[in-house]
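Written out below as structure tokens is the structure these notes cover.
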Amino acid sequence: MALAQRVVLLSDQAKSDLKFLKRVDADTLTAFCELAVRFATRGFDAAAFKAAAQRFGLAAEPLRRALDALAHLFGEATKLALTEPEFGVSLDLVGHGSATVNDVLKQYYAAHGAALRAVLGELRGDDVHHFDALEWRLDVELATRSSHARAKPVVLLKFDTRNNQQGRRSHLVEADPVELRHLADELQAALNELKTGNVRRVMRNV
């Protein structure tokens, strides 16, 4: 049970996809490590991927699956904060039987593990405030002695956010319904973006 908590356990499909890496030399594999991490942290770059496939003369689909599996391997190892020996055990469990591949991946993890943890920490939003609570009130000014203009509604919002470092903070915002409609549209667009393939691929490794 303790072993399962300190190694990356990949699916059979991911293990199969990683076998594709045995077809390339050490320098090419190092380049693939960099590309996989780049895609995992910044999103898939179709132009960069196409250029890599053409440069190395490799079929696009198996290369894409191998990079996805490689990004997942590094992402899970980073989240678990595996030591180098523990990462080596994870590679042994993959079972592709290539000492060269294992050596390159271990060297890359040893050299870039700290940087990967920093990047994934930013993506997880460890220091970003997250929504916690909301109160609102609608004020409507019907008319004044100096002005008989039509009613002007104003929405007052009080919402709380919190993060892992600074705790809870309160915010007061005044907005009219048009501004709130625009804000709602922007938030909906962001939610829709979360459903795209590129974002799901990034979040899987966070």
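Derivation of every value follows stated rules applied to the coordinates shown; laboratory data play no part. Remember, predicted model here, so these are calculated numbers, not experimental data. Here the Cβ is made from the backbone with ideal geometry for all residues, glycine too, and neighbour counts use every protein chain on show.
Within the shell defined by Cβ-Cβ distances under 14 Å, the residues around W136 carry a net charge of -4, with Lys and Arg each +1 and Asp and Glu each -1.
Distant-in-sequence amide contacts of S98, defined by a placed amide H-H separation under 5 Å and a gap of 5 or more residues or a different chain, comprise nothing. Using only alpha carbons, segment 1-59 has a radius of gyration to Kirkwood radius ratio (Rg to Rh) of 1.05. Grab the beta carbon distance between E135 and A81, set R0 = 35 Å, and tell me the FRET efficiency rounded to 0.05. The value I calculate is 0.35. The alpha carbons of segment 1-111 stretch over 43, 28, 26 Å along the principal axes, in descending order.
Shown is the FRET efficiency for D25 and L93, computed with R0 = 35 Å from the Cβ-Cβ distance and rounded to the nearest 0.05: 0.90.
Scalar couplings 3J(HN,Hα) for segment 75-92, obtained by applying the Karplus form with A = 6.51, B = -1.76, C = 1.60 to θ = phi - 60°, are x, 5, 4, 5, 4, 7, 6, 5, 6, 4, x, 5, 5, x, 5, 4, 5, 4 Hz; x denotes Gly and Pro.
Karplus-derived 3J(HN,Hα) values for segment 57-68, using 6.51 cos²θ - 1.76 cosθ + 1.60 with θ = phi - 60°, are x, 10, 5, 5, 5, x, 5, 4, 5, 5, 5, 4 Hz; glycine and proline are entered as x. Modelled spin labels at A51 and Q107, positioned 7 Å past Cα toward Cβ, are 2.4 nm from each other. Given the pairs K15/K79; K19/K106; K50/K79; K158/K195; K22/K50, which are separated by over 25 angstrom at their Cα positions? Beyond 25 Å between Cα atoms: K50/K79; K158/K195.
Taking label points 7 Å from Cα along the Cα-to-Cβ direction, A118 and T196 give a separation of 2.7 nm.
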